[in-house]
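See below for the structure under consideration.
Derivation of every value follows stated rules applied to the coordinates shown; laboratory data play no part. Computed from a predicted model, the values in this text were never measured in an experiment. Don't worry about glycine lacking a Cβ; one is built from the backbone with ideal geometry, like all the others, and counts go over all protein chains shown.
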């Protein structure tokens with residue numbers, strides 16, 4: 001052992017602790033009006049919100065994180081400020097599992113809802129700090145599978161008129177996507193007609209569908225069989241996520257991969273669908289499923305049950321994209337990455353460098369950030385422009 005190593009090991013614990021000891025947690029509720037409103041079976045979405053969190057250590061290392069907070073981001077910020085931050089100040093940011101449990105214990109009931117989405121923002125920031133301390137990108141801290149690029153699919157073709165769909169499919173193909181996801185809704189006959197149209201527009205492309213809970217079980221069976229006949233690869237959230245019996249029935253009656261999981265909050269919820277094999281692809285969202293710590297549990301459980309893992313990104317910000325790319329790079333059972341193809345300033349401008357953008361697609365793949373931690377830096381001007389006052 002070198003003399004320098006001996007000195008490092010012999011340093012007082014107070015000096016070592018300063019590197020990771022949490023000094024401050026700052027919350028930023030953000031909102032953006034989308035340049036183009038998005039439509040799903042659940043309605044129109046002209047704007048989105050997220051919670052951004054900064055965690056700073058005594059040594060001045062700052063980690064950034066994001067919580068889903070799709071509506072009411074100011075409420076999430078209050079939850080962090082009043083229920084979570086007081087538990088974490090003075091703690092070592094490197095003790096991520098212990099701190100996750102400490103935050104989870106702020107809720108005495110079953111884990112879920114706003115609390116876990118708020119925990120997600122802090123947890124991602126803690127991983128960012130860990131990577132910066134180690135001088136490594138997060139995917140290497142997770143173990144890694146030797147991936148520096150990940151397969152990606154275009155998400156999502158709007159549930160709008162045929163002319164819009166034709167233009168969006170053509171745009172996705174022109175960008176070089178080899179996989180595309182399509183939004184479907186009701187009525188069933190229109191959904192099947194839309195699926196057939198997209199197949200004609202993209203005859204050689206791997207296609208999937210996201211229904212956003214549009215159907216009951218019987219309707220989903222009808223649509224799912226049509227999708228299978230058209231050669232579609234997966235059918236995402238055809239029914240409400242809490243209908244576990246319904247998902248089991250679909251998996252038994254449909255010759256197409258059933259996908260879901262973005263609505264799960266913790267690994268214990270995901271385990272139900274993994275154990276009974278009702279899902280062929282699980283899609284946790286790192287900004288909802290408790291951050292990287294808990295989402296990694298889900299990805300590992302998926303690998304243990306031989307189920308594909310595809311991170312959900314959706315209407316999120318740049319930090320969600322970065323964290324999801326690291327998880328995708330490291331997960332043993334990773335299948336494909338959700339690359340959003342509509343404009344969103346919270347995704348496209350909030351951080352630099354821009355990562356996970358459709359414009360960066362290379363032979364159907366996206367580059368994983370290589371800098372330490374998440375590998376991205378906040379743009380303060382964009383942050384200030386979208387902060388909810």
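First obtain the Kirkwood hydrodynamic radius of the stretch 289-353 from its Cα pairs, then insert it into the Stokes-Einstein equation at 25 °C and 0.890 mPa s, and state the resulting D in µm² per second as a whole number.
Details: Rh = 12.4 Å.
It diffuses with D of about 198 µm²/s by this estimate.
Please state the shape class of the stretch 104-240: rounded when a/c is under 1.5, otherwise prolate if a/b exceeds b/c and oblate if not, all from the C-alpha gyration tensor. Could you put the intermediate results ahead of the total?
Working: a/c = 2.79, a/b = 1.56, b/c = 1.78.
Oblate, because a/c is 1.5 or more while a/b does not exceed b/c.
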Largest first and to the nearest Å, give the Cα extent of the chain along each principal axis.
70, 44, 42
Span per principal axis, largest first, for the Cα atoms of the stretch 51-113 (Å):
33, 23, 17
Please give the Cα centre distance for the stretch 81-131 versus the stretch 312-389, rounded to the nearest Å.
22 Å
Crossing angle, helix 162-175 versus the chain [Cα axis fit, 0-90 degrees, rounded to tens]:
50 degrees
Take every DSSP beta bridge with both residues inside the chain and express the antiparallel ones as a percent of the total, to the nearest 5.
55 percent
So the compactness index of the stretch 251-311, its C-alpha Rg divided by 2.2 N^0.38 Å, takes the value 1.02
Footprinting proxy, 128, 384, 285: sorted fewest to most Cβ within 10 Å, the residues are 384, 285, 128
Give the shape of the stretch 165-319 as rounded, prolate or oblate, defined through the alpha-carbon gyration tensor: a ≥ b ≥ c are the square roots of its eigenvalues, a/c under 1.5 means rounded, and otherwise the shape is prolate if a/b is larger than b/c and oblate if not.
oblate
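Mean shadow of the stretch 228-360, computed from the convex hull of its alpha carbons, in nm²? Mind dumping the intermediate values first?
Details: hull surface 33.3 nm².
Over every viewing direction, the Cα hull of the stretch 228-360 projects on average to 8.3 nm².
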By the Cα gyration tensor axes a ≥ b ≥ c (a/c under 1.5 gives rounded; else a/b larger than b/c gives prolate, otherwise oblate), the shape of the stretch 37-165 is oblate
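Which ordering of 127, 213 is given by a fewest-first count of other beta-carbon atoms within 10 Å?
Working: 127 25, 213 20.
Final ranking by Cβ density, sparse to dense: 213, 127.
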